[in-house]
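Visitor: Dumping the structure here so I can ask a few things about it.
The values are calculated or read from the model by the stated rules, or taken from the named source; none is laboratory data. Keep in mind that what you see is a predicted model, and the values were worked out from it rather than measured. Neighbour counts run over all protein chains shown; Cβ positions are idealised from the backbone, glycine included. Only protein heavy atoms, including side chains, enter the accessible area calculation; ligands, DNA and RNA are left aside. Shrake-Rupley method; radii C 1.70, N 1.55, O 1.52, S 1.80 Å.
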Amino acid sequence: MKRLFFAAALLLTANGNGFAADFNTAFAEEPPVSAPEGLLAGGILSIYGGYLAYEKEEIDIDDQDQGIVGARGAYSLPLSSMFSAQFDLLGERNITGSNGNNDLTRGDYMGAIHLDARDPSSYLLGAFAGGGQSFDDGDNDGDSIPFWFAGLEGQAYLNNLTLGGQIGYVDSDDNYDETISNAWFARAATSYYFGEDTKLSGDLAFFTGDRANGNSSGSMDVISWGARLDHFFPDFPVGLMLAYNGFDYEGDAASNESDAPVVHEFRIGASLLFGAGSIMENDRRAAGADLPPINRWISTSANEIE
């Protein structure tokens with residue numbers, strides 16, 4: 001796995017003059033910015049693989065390191081010169097070996113729709129809503145855990161920099177009260193474009209809600225963070241991505257938590273653009289909204305944490 005990440009890094013940085021030129025140009029006196037244009041129909045499809053690593057040993061599984069594969073697609077349709085609807089669908093599958101405790105996430109998925117007002121040269125403001133399910137090999141192996149969510153979002157476009165934020169509500173239906181429900185979240189995100197084909201992005205989120213876990217009451221807080229590098233080949237709609245996500249789960253005394261794992265995710269993948277000529281054009285004029293990692297918040301709190 002380390003060799004795969006190293007090879008991907010070499011490809012990202014050795015694509016002719018692409019990445020180096022983008023990086024140097026980004027810090028010139030006048031960074032390149034796409035000319036303001038209208039909304040367009042377009043989107044992005046990403047497929048990836050990687051692994052999860054749990055920092056503490058008191059988790060409810062035998063394997064501390066697990067493989068993961070997944071895909072995420074997003075497509076935006078203009079409704080007028082100013083408004084658009086974006087559709088998101090994401091699915092992930094966990095891969096592991098032994099599991100003596102029989103409580104392990106096998107997979108999850110979620111979908112959403114965003115309704116946004118946007119000026120591609122200035123801002124995005126809107127709302128989103130969706131839902132999904134988590135599947136495991138333990139208590140809920142015959143009864144998946146559904147969840148749903150809704151929130152508000154906004155982005156500000158400042159030359160090559162994008163600043164974004166989301167707030168929202170999440171609820172779930174778990175027969176064993178192991179997952180987080182009646183929860184809210186806040187998320188901040190930023191992206192910097194080293195030219196139109198290379199993007200470095202990061203985010204920080206806080207998620208908190210009820211988690212009784214067999215008790216009369218209880219709660220759990222999650223802090224998550226991430227970073228991602230995308231690079232697309234000039235004049236070709238295919239790109240590579242490297243990503244890292246971290247999660248810190250903390251339960252209160254009422255929820256009887258003896259474990260509060262820190263989870264690390266490492267991913268490598270490829271992406272394909274539809275309709276847009278660059279990742280910057282896609283983000284500013286087409287499918288530029290995204291989602292917090294709600295599927296991971298729900299799945300891990302229900303299964304891997306005792």
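Visitor: So is LEU90 loosely packed, with under 14 Cβ neighbours inside 10 Å, modelled with pLDDT of 95 or more and among the hydrophobic types (A, V, I, L, M, F, W, C) or not? First the steps, then the outcome.
Guide: Values: loosely packed, with under 14 Cβ neighbours inside 10 Å: no; modelled with pLDDT of 95 or more: yes; among the hydrophobic types (A, V, I, L, M, F, W, C): yes.
Against the criterion (loosely packed, with under 14 Cβ neighbours inside 10 Å, modelled with pLDDT of 95 or more and among the hydrophobic types (A, V, I, L, M, F, W, C)), LEU90 does not qualify.
Residues checked against (1) open to solvent by 50 Å² or more (accessible area, probe 1.4 Å); (2) on the phi > 0 side of the Ramachandran plot; (3) touching a Phe, Trp or Tyr at 6+ places or on another chain (Cβ under 6 Å); (4) modelled with pLDDT of 80 or more:
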position	(1), (2), (3), (4)
LEU52	no, no, no, yes
GLU55	yes, no, no, no
ASP63	no, no, no, no
ALA74	no, no, no, yes
LEU77	yes, no, no, yes
PHE83	yes, no, no, yes
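Visitor: Then there's this: How many residues are of a type outside the set (Ser, Thr, Tyr) and under 30 Å from SER144 (Cβ atoms) if we restrict to the stretch 154-210?
Guide: Step one: list which residues in the stretch 154-210 are of a type outside the set (Ser, Thr, Tyr), which gives 154-156, 158-161, 163-168, 170-171, 173-175, 177-178, 180, 182-189, 194-197, 199-200, 202-207, 209-210.
Among the residues that remain, those that are also under 30 Å from SER144 (Cβ atoms) are: 166-168, 170-171, 173-175, 177-178, 180, 182-187, 189, 203-207, 209-210.
Looking only at that region, the number is 25.
Visitor: For ARG106, which of the numbered conditions (1) within 28 Å of TYR192 (Cα to Cα); (2) at pLDDT below 95; (3) part of a strand (DSSP E or B) fails to hold?
Guide: Going through (1) within 28 Å of TYR192 (Cα to Cα); (2) at pLDDT below 95; (3) part of a strand (DSSP E or B) one by one, ARG106 breaks only (1).
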